[in-house]
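The values are calculated or read from the model by the stated rules, or taken from the named source; none is laboratory data. It should be emphasised that the depicted structure is a prediction, and the values quoted were computed from it without experimental measurement. Because the Cβ atoms are built from the backbone with ideal geometry, glycine has one as well, and the counts that use them run over all protein chains shown.
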């Protein structure tokens, strides 16, 4: 247990925002878009709060990292579907999957949602929805989330957070 705490502390030191900045935001956003339970908004907000001049670069770095993580989830879903097809020998269908099929790549706009957003990207890959349209909708939804959340924290609730 102590080794795990030591490793986690070392990781947090490595990812220290003032030292590494946009690269850290990109990495945290990437990891948080996979199926690992992690949020990237605190990293984005922290960087922008400490360095207001980095607002737009932080929005772009977070969006790029989070979208790339969503792309990885899409590919994981695609690979899982192919593997399941080989094992089962027949198409797999569920009602929840049919809902996503009906909306197609546009459903990836919801990839920004907590809890369901990241698995949604994997399911889009599972269903073999068109890759690039899914990526476009993922990027749009994720950019809107970062822009909205960071703007709210900086300008609507500015007195709540001090560096």
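So the values come out like this:
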{"item": "Considering residues of region 84-111 that are loosely packed, with under 10 Cβ neighbours inside 10 Å and part of a helix (DSSP H, G or I) only, the residue modelled with the highest pLDDT", "result": "102"}
{"item": "Among (1) more than 15 Å from residue 72 (Cα to Cα); (2) in a helix (DSSP H, G or I) - the single one residue 115 does not satisfy", "result": "(2)"}
{"item": "Condition broken by residue 130, with the remaining ones in (1) touching a residue at least 24 places away in the same chain (Cβ under 8 Å); (2) more than 11 Å from the chain's Cα centre (by Cα); (3) over 19 Å from residue 98 (Cβ atoms) satisfied", "result": "(3)"}
{"item": "Condition check for residue 161: surrounded by fewer than 20 Cβ atoms within 10 Å (Cβ to Cβ) and modelled with pLDDT of 90 or more", "result": "no"}
{"item": "Search result, residues across region 9-37 that are crowded, with 18+ Cβ neighbours inside 10 Å and modelled with pLDDT under 70", "result": "17"}
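To keep it simple, each residue is scored yes or no on (1) modelled with pLDDT of 95 or more; (2) loosely packed, with under 14 Cβ neighbours inside 10 Å; (3) within 30 Å of residue 52 (Cα to Cα).
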residue: 116; (1), (2), (3): no, yes, no
residue: 119; (1), (2), (3): no, no, no
residue: 122; (1), (2), (3): no, no, no
residue: 127; (1), (2), (3): no, no, no
residue: 135; (1), (2), (3): yes, no, yes
residue: 150; (1), (2), (3): no, no, yes
residue: 153; (1), (2), (3): no, no, yes
residue: 156; (1), (2), (3): no, yes, yes
